[in-house]
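Since the structure comes first, as structure tokens, the remarks are kept for the end.
The values are calculated or read from the model by the stated rules, or taken from the named source; none is laboratory data. Remember, it's a predicted structure, so these values are computed and weren't measured experimentally. Note that each Cβ is placed from the backbone with ideal geometry, even for glycine, and that neighbours are counted across all protein chains shown.
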Amino acid sequence: MKEQTIYGLPKDWNWTKLGEVCEKVEAVKRKEKNPGEELLYLDIGGIDNHSNKIISHKIYKWSDAPSRAQQIVYKGDILFSTVRTYLKNIAIVDNEIHNGQIGSSGFCVIRANEKIVNPKFTFYYVISESFIRSLNELQTGSSYPAVRDKDVFNQPFPLPPKEIQQQIVSKIEELFSELDKGIDELKIAQQQLRVYRQAVLKWAFEGKLTNEHVKDGVLPEEWRPLKLKDITEEKNGLRRGPFGSAIKKSFFVLEGYKVYEQGNAINDDPYRGSYYVDESKYNELINFKVQPNDLIVSCSGVTLGRISEIPEDAKPGIINQALLRIRLKRELVLNKFFIMHFRAAFFQKKIFDQSQGTAMPNLVGIKDFKEIQLMLPSIEEQQQILQEIESRFSVSDKIEETIANSLKQAEALRQSILKKAFEGKLLTNQ
């Protein structure tokens, strides 16, 4: 036992090991199962590591189930992921509908001996930070780090009398219920802020932030309807990346001209990535080069329409096939104004509504994309609108930061409750 795990307990408690109060659920003999019988299959990703709840599963017949389907679980069983990345993916089977689910090989399935220990008492202990932290130190393997089942069951376990266990479980659930209500309210506030930001953008591009008497559905008289082809440079204003065969991995070199990828637009980070081509390939694809103040847009998938600006200190390079390059007429539209407009929900909807493909949406062809219309004010009013947006966003950002800090504190409080519970300090009569 690790010295830092052992601490003083109330006089009627004892230290034992998890394996002395729980058993490990072993793999089933699949050849003895009816091939046509249906089962619920649960993989590691089916557990939310924040709520510690089962959030998804799949239905298979035994004959079709993945080879990882190895353990039948029942109500009260604890699913403990032993793989490093998912070490906090832990859940208790708390509903009869889950009976017959199969844990993948990434789970250590813990079944409490209910004559000795309450399953929920066990569950709350194994999600505590002290339990997980001590196991973190026991991970083995380099390419696929994991915890061994025997190490899980060898962990120290604080065992109070059975009636005290139930009292502790009831108190934890009472406190967690109140805590969860607060967390739900914070998340609702987060969502409301997102809605507010989109409302600000909508108001901005309807002219309502800078024109006091604008009516719904009516834009200011001074605003002009312009298509993308009107506000981008005539020759190279809109340029889709080259065909995939034009930039192959075999062309990449250690240093040279940067190949800008979809991830640069998706993450709004022009500095990420380390793919380069030599000067010869760069000159061959010179029509796809990027320069400071260019905008790059993601052209496919759920991240279709993500946009980023190429800064002054960006490396010279070219776009790949997954990007669109936009070069604006800066006398007509400010980059920042266009980016804000482009990111607004109503404009993103335009992009998705016109996208091609079903399973994987793709940007509509350049010919059609050029025809998308915007309503633009003067450069002076664009600057004024940006100031109004930033002023409002600055306030919402501070509120967002406060909410994020409160959510972190809530998680810390959750762990504090568990720590007190298993030190015997949560109940007033202890």
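Observations, loosely collected:
- Residue match in the stretch 192-209 (condition: out of contact with any Pro (no Cβ under 7 Å at 6 or more places or on another chain), of a type in the set (Ser, Thr, Tyr) and within 29 Å of ILE110 (Cβ to Cβ)): no
- Scan of the stretch 253-293 for residues that are assigned to a strand (DSSP E or B) and among the hydrophobic types (A, V, I, L, M, F, W, C), ordered by number: VAL253, VAL259, VAL277, VAL290
Results for (1) touching a residue at least 40 places away in the same chain (Cβ under 8 Å); (2) among the aromatic types (Phe, Trp, Tyr), shown as yes or no for each residue.
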{"residue": "TRP15", "(1), (2)": "yes, yes"}
{"residue": "VAL21", "(1), (2)": "yes, no"}
{"residue": "LYS24", "(1), (2)": "yes, no"}
{"residue": "VAL28", "(1), (2)": "yes, no"}
{"residue": "LYS31", "(1), (2)": "no, no"}
{"residue": "ILE55", "(1), (2)": "no, no"}
{"residue": "SER63", "(1), (2)": "no, no"}
{"residue": "LEU79", "(1), (2)": "no, no"}
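- Among the residues listed as GLU212, GLU206, GLU222, the single one being part of a loop (DSSP other than H, G, I, E, B), of a type in the set (Asp, Glu) and under 33 Å from the mean Cα position of the chain (by Cα): GLU206
- If you go through the stretch 302-322 and keep only what is touching a Phe, Trp or Tyr at 6+ places or on another chain (Cβ under 8 Å), within 18 Å of PHE347 (Cα to Cα) and at pLDDT below 95, you end up with LEU304, GLY305.
- Annotation: GLY141 fulfils all but one of (1) touching a Cys at 6+ places or on another chain (Cβ under 8 Å); (2) more than 29 Å from ALA412 (Cα to Cα); the unmet one is (1).
- Just one residue in the set GLY106, GLY76 is in contact with a Lys or Arg (Cβ under 8 Å, 6 or more places away or on another chain) and at pLDDT below 90; that residue is GLY106.
- Scope the stretch 266-280; condition closer than 19 Å to PHE243 by Cβ and either among the small types (Gly, Ala, Ser) or buried (at least 19 other Cβ atoms within 10 Å of the Cβ) (or both); matching residues: VAL277, SER280
- Here the helices (runs of 4 or more DSSP H) wholly within the stretch 82-154 that include at least 1 residues being touching a strand residue (DSSP E or B) at 6+ places or on another chain (Cβ under 6 Å) and crowded, with 20+ Cβ neighbours inside 10 Å are 119-126, 149-153.
- Filter result (of a type in the set (A, V, I, L, M, F, W, C) and more than 14 Å from PHE342 (Cβ to Cβ)) within the stretch 298-313: VAL302, ILE310
- Matching option when the condition is more than 29 Å from the chain's Cα centre (by Cα) and of a type outside the set (Val, Ile, Thr), among LEU304, LEU295, LEU328: LEU328
Yes or no, residue by residue, for (1) out of contact with any strand residue (DSSP E or B) (no Cβ under 8 Å at 6 or more places or on another chain); (2) polar (S, T, N, Q); (3) more than 27 Å from PHE338 (Cα to Cα); (4) not assigned by TED's automatic domain parsing to the domain that holds ILE319:
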| residue | (1), (2), (3), (4) |
| --- | --- |
| ASP184 | yes, no, yes, yes |
| ASN211 | yes, yes, no, yes |
| GLU222 | yes, no, no, yes |
| THR232 | no, yes, no, no |
| ARG239 | no, no, no, no |
| VAL253 | no, no, yes, no |
| TYR271 | yes, no, no, no |
| VAL277 | no, no, yes, no |
| ASN283 | yes, yes, yes, no |
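- Restricting PHE251, PHE288 to those that are surrounded by 14 or more Cβ atoms within 10 Å (Cβ to Cβ), without any contact (Cβ under 8 Å) to a residue 60 or more places away in the chain, within 18 Å of LYS370 (Cα to Cα) and touching a helix residue (DSSP H, G or I) at 6+ places or on another chain (Cβ under 9 Å) reduces the list to PHE288.
- Of all residues in the stretch 1-39, those that are part of a strand (DSSP E or B), under 20 Å from ASP94 (Cα atoms), at pLDDT 85 or above and in contact with a strand residue (DSSP E or B) (Cβ under 6 Å, 6 or more places away or on another chain) total 2.
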